Amino acid sequence: MNESLSYIFINACLVNNFVLAYFLGICPFIGVSGNIGTASRMGGAVMFVMLVSSICAYGIHLMLEAINAPFLQLISFIVVIASTVQLVEMIIKKFSPALFRALGIFLPLITTNCAILGLALFQTAKGYNFIESLVYALGAGAGFTIALVIMAGIREDLDIADTPKVVRGTAIILMVAGILSLTFMGFAGLGG
Amino acid sequence: MVMSIFLEPFPASGQTVDPGAPCKVDSATPAEIINAIQEAGIVGLGGAAFPTHVKLKIPKDKSVDTLIINGVECEPYLTTDHRVMLEQQDDIFMGIRYILKATGARRVIIGIEANKADAIISLQERAPYDLPVTIEAVKVKYPQGAEKMLITALLAREVPSGGLPADCGCVVVNVATTAEIGRLLPLGRGIIERSITITGPGVKKRGNYLIPIGTPLRYALEQAGLKKNATRVILGGPMMGFTVSSLDVPITKGTSGLLVLTDKESQSTIRKEYACIGCSHCLDACPIFLNPSRMGRLAKFEQYDIMEKEYNLMDCFECGSCSYVCPSNIPLVHYFRVAKGIIRDKKAAA
Amino acid sequence: MDTNTFIKGLWKDNPVFVQVLGMCPTLAVTNSATNAMAMGLATAFVLIMSSTLVSLLRNFIPKQVRIATFILIIATFVTVAEYLIQAISIDIHKALGAFIALIVVNCVILGRAEAFASKNSVGKSILDAAGMGVGFTFALLCLGAVREILGSGTFFEYQVFGHGYEPWVLMILPGGGFFTLGAWLLLFNYMKERKAAKMQEISA
Amino acid sequence: MNVLNKPLEIRTSPHLKSSVSTNQIMFNVVIALLPVTIFAIYSFGLAALLMLSVTTIAAVLTEHIYCRLNNKESTVGDWSAAITGLLLGLTLPPALPLWMAVLGSIVSIMLVKVLFGGLGYNVFNPALAGRAILQAAFPVAITTWHPAFLADRFTHIPSSSLAWPFTTATYDAVAGATPLGNMKFNHVAAEVSDMVLGMTSGSIGETSAVLILLGGAYLVARNMMNWKIPVTIFLTVAVFSGIVHFFNPTTPTPLFMLFSGGMMLGAVFMATDMVSSPITDRGIIVYSMIIGIMVVVIRLWGGLPEGMMYAILMGNAVSPLLNRALKSRVYGTGRKGGAK
Amino acid sequence: MNQPELEQMTAAPNSWHMIRALAGIGLMCALLIVSTYELTFDIIKQNKAEVLERAIFKVLPGAESKAIFIVKDGQVEKLIGDGNGETRYYAGFDANDDLVGVALEAGGQGFQDVIHILLGFNPEKQIIIGMQVLESKETPGLGDKIEKDPAFQKNFEALDVALSDDGSSLKNEIVFKKNGTKSNPWELDGITGATISSKAIAAILQASASQNMPVLYKNREKFKQQ
């Protein structure tokens, strides 16, 4: 299949947004979207880790193909992602304390963010080459960040709203996510 | 009962005015002039009653190049400044001489609303040639009489957030205050009376009255005559004034007007409150470009910290424009006053 | 037998409705009751197996590496489950897609391993895992049933409403997933509130 | 002195109030919608009349019943529920089964408005979000158009309108196509003059550009609508689609873009919804530009013929961010104070 | 004993424990995975083959057995062993071992995501005789009619893909027509309300046919050798 890079990006970012169409990374989407500043930093962290783990996943996939052991895919993905995140955390801590302060607390959370693992699995399943994988990771990360920040903006408004007592908490977030998901359906067919 | 100090004259006293030492503009030093103003007890007569000698004492690290005489009525309904400008021109110019000397400013601008042509003309005619004074007409709109607004209108300068007019090189004095300085200082007297606008739909004889400070409202209003349906008596103007619960309240130096409203106006201001619909009328109305809509919502949910830190709550000078235009009848200014009070208390406690 | 350990996961501490964990599969694969069921069972399988193993080895695993080993164990059982599902039916495997592999990052499983299995005996851990697994499957079925019935007019592919029914396509779209889970949470909140109000009435 | 004998009223300043109030603004929006409504009924006949009354009544009733059940004072009097119902009706195709329309009204009020806290707190425009939900739920029914100006429109109700609740509707044989649908799928452009006057097919209330603009002008004249929103949207759409048209003449002209589909109705009555649009001046401009760009992108390159609804919903979604990011500069901050 | 030495003493058994635990569990996990993989490998392979076969037989009506061909150095030849990566041609034969047609996979951009389909060609008659959707995310109830709508499936009873005279390209472009307006055998009768998905299928057909039809036609005899 010939998928242009722009199509891959738009598809991962808007049309099939990881959060709103694939339900990946819902936990941080609900957990870290209370405040715009936090949300955008989290988005940045996720985007960064996505890029790194996309590269790793590409390498692992090549290696597993070479030794013909597809059954090790999942286990090596999760192990590598977890250790990459640790490594990234240490590197950032060492070289940019400012960045670490901004992203630090989110990095461990990202390990169990299914969007990262999902990205690795999808790019492998779709058979993307190296550049395509990078673009895909970038698009997915951008899409995740967009959804997260929009949600944070709305939630900051909802914090000072007269919402009925029963909907406060996760219920109203899910309702907003539903409407957002419908809104993103407007992008369908873009980039073809 | 309102907290007041009641003075009774000593029956055996002669009841004569005992003048102090006169202060001559030619011979006095700036410090002496400021001292004389303090002795005379002169405060801002526009309504804020801020001690004038404090205002004129320019901090050492700042300098002032322009003196602005505020001839703009601070609120609708009030006309005292207008009367002063028509009747006390010489006192005004004498006062300017004192203030110029006290502050070291080099030029004077008198700002007057454009619809008061008579005041502009009469001041221009009587302006002494040796004074660097210009008279400028400004647009008629509320709250043009606020210090910050007038500075921006005349000089295109802005007073920094949390700062004073001296921070942008000017000092603003109300025209009535200036006149009082010019009238009292040469004689060495203190301030014992002021002119007050008594007006409103609930008053029979509307007009400007010269009333001794300390007179109970009851007495002043009896002279002007109250209508039967009067319900609300306001010290000051309609936008920023305070209602009083008792007519035993005395007139103070800061009382620029007495406004009496009737049932009719009361009802029109007590209307059902809706939720904010984000019409943005208050943003358009706010003279200093705050976001009253958002702050109102934040105040309702007691998020005072955010109001202060992200929305510049403390810059609000409570002009009341936002509450006036709000179609949802949200008492925005009231919310802001409460919020400011709470924040100040918190800071004081910390 | 400690039935309380089992019941707790099923209802009082239901992983989806009460703890709001494991959202991704809850939303992604519940567009039909069949998929929901398969996903629930697969998760329950991994949950029970990994809890058992973790509990068995709990004294063997040092504290510092416990998370790493837990993830390793879970990933293993997920891989096993993936191959088993493929062996049973390719169609189900296709319908669930990548979400089988994503069971690895389902916080319910790691959560139970960490919070319960690593501290309790094997029998208790199995009970707890079974309770959570059944509770998870139950929650998934709740969603899958609503979404399939409204969205396709069927339940486990049996016609419910007859042929004239106009399906609400929205329900099987992603948006419908959010709305349905939101509605279930609303219902739970509402019941909780009613209960609290009643308690207050009684005490007052 | 009579005044001494009764207690004085204590209130906080200001003691004056402008005369406009929220329910008046809302009521005037209804008035502004009247020409469009009447034309809709004229061009689509009984189907439109039924549809509009059903959506409006359902919306108002839903809100009223909710308030009653929760022992609150009914908020129906602020007219906002009526606007939601009316606007929803105006965006639906004329032959849509009425039960779907009712469902849409209920969803608009309950899910998009009441759950978010009622008037003033709804993040999304209730009518539009309701329509988006309907579109996702019943994609076929909501894209089945019905021609305008049928001879028997005042005597005959389309059979699909009266379909039993929850059943699939059967449609009358007559079918219309919207100018945008024709453009996208058959590359046939409608006459702009027809679209201006409302001679084409489409949703009930979107066909007559002139009457929509008339209603908008009325609201602007009464200072009850922010004219910057529609004007910026129109400008953005005209410039953007103009550039594209210049380089690729097979794309629709800017005029066609402006007068087709829900552009007019959306820009004038939906995007200007005060609650769900930004309040800061710069925020409003960016919001309108986002809507303009997105609608052109969806129409030209997306899969759907019409994107106004999604564009405005997207605008609504980013409004809180715009309000935060594009605050006005507060007096005395940022710029240097003095001339010194 | 001083402080560092003491720490070393207590730390040493700990790190041994850690390595022991990790290695042991790793070993166990590897064992588990590999044994499951080995156990299920054949079943899964068979399952997959069955699914593929079912699809092939669906797009090649009447076929009962199949053979896989690949293109190697411009030549079509039978695939031996598993092979990897190449475009595969699945030739289907009926009960009498006569060639029914050749099936191949195709894909392209749909409304929501990429659509994968399996196409059945009859190289002799130069027509498409079957289409089966393998994977799509089209809107349920609307776009997914490309799989479910019997009227749409009727298009693929005999869709004309005749080659031009020089045999290198299609004579007529496969075009999409609005529902009920099909007038030529090379036109695709669309689905009302699902215009985009129908159009996407037309585009995929056009791309796949114009690429593969010349190859198929040229090698039509080769496919017949069972």
Q: Ignore the peptide's own chain and count Cβ atoms of other chains within 10 Å of each Cβ in B:304-314; give me the average, rounded.
A: 1
Q: Using only Cα atoms, find the angle between the long axis of helix D:80-90 and the longest principal axis of chain D, and express it within 0 to 90 degrees, rounded to the nearest 10.
A: 20 degrees
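In nm², what is the average projected area of the convex hull enclosing the Cα atoms of the range B:281-349? Please report the intermediate quantities before stating the final value.
On the way: hull surface 16.2 nm².
The orientation-averaged projected area of the Cα hull of the range B:281-349 comes to 4.1 nm².
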Q. Quick one: net charge of residue B:140's neighbours, Cβ under 11 Å, K/R +1, D/E -1?
A. +1
**Q.** Peptide A:78-89 - average C-beta neighbours from other chains (10 Å radius)
**A.** 2
**Q.** Projected area averaged over orientations for chain A, convex hull of C-alpha atoms, nm²
**A.** 12.0 nm²
(Q) For chain B, which cysteines have no second Cys with its Cβ under 4.7 Å from theirs? (A) B:23, B:74, B:168, B:170, B:276, B:279, B:286, B:316, B:319, B:326
Q) If we count every other residue with Cβ under 12 angstrom of residue C:154's Cβ, Lys/Arg +1 and Asp/Glu -1, where does the sum land? A) -1
Q. Once amide H atoms are placed 1.01 Å from N in the peptide plane, what residues at a sequence separation of 5 or more from residue E:65, or on another chain, have their amide H within under 5 Å of its amide H?
A. E:93
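Cut-off is 10 Å between beta-carbons; in what order do B:92, B:112 appear when sorted fewest neighbours first?
The most exposed by this proxy come first: B:112, B:92.
Could you tell me what % of all Cα pairs in the protein assembly as shown have separations over 52 Å? List each step's numbers first, then the result.
On the way: 361112 of 860016 pairs.
Summing the P(r) of the protein assembly as shown above 52 Å gives 42 percent of all pairs.
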Q: May I ask for the Kirkwood hydrodynamic radius of the range E:60-224, worked out over all distinct Cα pairs and given in angstroms to one decimal?
A: 16.2 Å
Q. Taking a spot 7 Å from the Cα of residue C:89 along the direction of its beta carbon, which residues of the range C:139-161 have an amide N less than 12 Å from it?
A. C:156-158
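Could you pull out the GluC sites (Glu not before Pro) across the range B:251-346 that fall in loop regions by DSSP (anything but H, G, I, E, B) with no more than 14 other Cβ atoms inside 10 Å?
Values: sites: B:265, B:273, B:302, B:308, B:310, B:318; in loops: B:273, B:302, B:318.
Loop-located and lightly packed - B:273, B:302.
Give B:346/C:192; B:141/B:309; E:45/E:125; B:139/D:228 a once-over and call out the pairs whose C-alpha atoms are over 32 Å from each other.
Details: B:346/C:192 37 Å; B:141/B:309 29 Å; E:45/E:125 34 Å; B:139/D:228 25 Å.
In this structure, B:346/C:192; E:45/E:125 lie more than 32 Å apart at Cα.
May I ask what percent, to the nearest 5, of DSSP beta bridges between residues of chain B are antiparallel? Could you put the intermediate results ahead of the total?
Values: 16 of 35 bridges.
Percent antiparallel among DSSP bridges in chain B is about 45.
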**Q.** Anchor residue B:101: lysines whose Cα lies under 28 Å away (excluding residues fewer than 8 positions away in-chain)
**A.** B:24, B:55, B:57, B:60, B:62, B:148, B:253, D:336, D:340
Q. Hey, what D do you get for the range B:215-350 in µm²/s if you plug the Kirkwood alpha-carbon radius into Stokes-Einstein at 20 °C and 1.002 mPa s?
A. 129 µm²/s
Q) If the cut-off is a Cα-Cα distance under 19 Å, which lysines reach residue E:148, setting aside same-chain residues fewer than 8 apart in sequence? A) C:94, E:58, E:137, E:177, E:178, E:199
**Q.** Inter-chain shielding of A:137-147 (mean C-beta neighbours from other protein chains, 10 Å cut-off)
**A.** 0
Q: Once you have the Kirkwood Rh of the range B:30-187 from its Cα pairs, apply Stokes-Einstein at 25 °C and 0.890 mPa s and quote D in µm²/s.
A: 160 µm²/s
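What order do you get for B:287-294, B:119-126 when each peptide is scored by the mean count of other beta carbon atoms within 10 Å, highest first? Let's see the in-between values first.
Details: B:287-294: 23.6, B:119-126: 15.4.
In descending order of packing, they fall as B:287-294, B:119-126.
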Q. Which log10 I(q)/I(0) values, to two decimals, does the range A:55-106 give at q = 0.17, 0.21 Å⁻¹ under the Debye formula with one point per Cα?
A. -0.60, -0.73
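How big is Rg to Rh over the range D:190-340, alpha-carbon atoms, Rh as the Kirkwood inverse-mean-distance radius? Write down the numbers at each step before the final one.
On the way: Rg = 17.2 Å, Rh = 16.3 Å.
Looking at the range D:190-340, the ratio lands at 1.05.
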Q: For the range D:132-140, take each phi angle, set θ = phi - 60°, evaluate the Karplus expression 6.51 cos²θ - 1.76 cosθ + 1.60, and give the result in whole Hz per residue in order, putting x for glycine and proline.
A: 4, 5, 4, 4, 6, 7, 10, x, 6
Q.
Quick one: the Cα spread of the range A:1-94 along its three principal axes, in angstroms, biggest first?
A. 46, 39, 21
Q: Take every Cα-Cα pair in the range B:1-115 and report what % of them are more than 18 Å apart.
A: 63 percent
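Given a Förster distance of 45 Å, report the FRET efficiency between residue C:193 and residue B:223 from their Cβ-Cβ distance, rounded to the nearest 0.05. Provide the component values of the computation, followed by the final result.
Working: r = 62 Å, r/R0 = 1.39.
So the FRET efficiency works out to roughly 0.10.
Using Cα pairs under 8 angstrom and six or more residues apart, how large is the relative contact order of chain B, in percent? Spell out each step's value before the answer.
On the way: 632 pairs, mean separation 61.3, N = 350.
For chain B, the relative contact order is 18 percent.
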Q. In deg cm²/dmol and to the nearest 500, what is the mean residue ellipticity at 222 nm of chain B if only DSSP H runs of at least 4 residues count, each as -39500 (n - 2.57), divided by the residue total?
A. -10500 deg cm²/dmol
Q. Which whole-angstrom value gives the distance between the alpha carbon centres of the range D:59-89 and the range C:61-88?
A. 53 Å
Q.
If I model a spin label at residue E:168 and residue B:264 as a point 7 Å from the Cα along the Cα→Cβ vector, what separation in nanometres do I get?
A. 9.5 nm
**Q.** Proxy reagent accessibility, fewest Cβ within 10 Å first, across B:26, E:94
**A.** B:26, E:94
Q. Distance from the Cα centre of the range B:94-108 to that of the range E:90-104, in angstrom?
A. 108 Å
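Just want to confirm a number: the relative contact order over chain D, from Cα pairs under 8 angstrom separated by 6+ residues, in percent. Don't skip to the end; give the middle numbers.
Numbers: 523 pairs, mean separation 55.6, N = 340.
Reported as a whole number, the value is 16 percent.
How fast does the range A:52-152 diffuse by Stokes-Einstein, in µm²/s, taking the Kirkwood radius from C-alpha pairs at 25 °C and 0.890 mPa s?
Details: Rh = 14.5 Å.
The calculation lands on 169 µm²/s.
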Q: For the range B:193-269, go through all pairs of different Cα atoms, get the mean of 1/r, take its inverse, and jot down that Kirkwood value in Å.
A: 12.1 Å
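What's the whole-number percent of alpha carbon pairs in the range C:1-63 lying beyond 15 angstrom? List each step's numbers first, then the result.
Numbers: 1303 of 1953 pairs.
Every Cα pair in the range C:1-63 considered, those over 15 Å come to 67 percent.
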Q: Using 0.36 nm per residue of separation minus the Cα-Cα distance, give me the extension gain between residue D:197 and residue D:253 in nm, one decimal.
A: 18.4 nm
Q | In sequence order, calculated HN-Hα J values of the range D:42-51 (Karplus, 6.51, -1.76, 1.60; Hz; x Gly/Pro) | A | 5, 7, 10, x, 4, 4, 5, 4, 4, 4
Q | Distance between modelled label sites at residue C:161 and residue B:50, nm, 7 Å Cα→Cβ extension | A | 6.9 nm
Q | Relative exposure of E:217, A:128, judged by other C-beta atoms within 10 Å (fewest first) | A | E:217, A:128
Q) Which value, in debye to the nearest 20, describes the size of the charge dipole of the protein assembly as shown about its Cα centre when Lys and Arg Cβ atoms bear +1, Asp and Glu Cβ atoms bear -1, and nothing else is charged? A) 3200 debye
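Please report the relative contact order for the range C:3-203, taking Cα pairs under 8 Å with a sequence separation of at least 6, and give it as a percent rounded to a whole number.
On the way: 270 pairs, mean separation 70.5, N = 201.
So the answer I get is 35 percent.
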Q) What ratio of Cα Rg to 2.2 N^0.38 Å holds for chain B? A) 1.04
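Kirkwood Rh and Cα-based Rg: tell me the resulting Rg over Rh for chain C, rounded to two decimals.
Details: Rg = 18.5 Å, Rh = 18.0 Å.
In chain C, Rg relative to Rh is 1.03.
Throughout, read-outs are computed from the coordinates displayed, never taken from laboratory work. Since this is a predicted model, take the numbers as computed values, not measurements. As a convention, Cβ positions derive from the backbone with ideal geometry for all residues, glycine included, and neighbour counts pool all protein chains shown.
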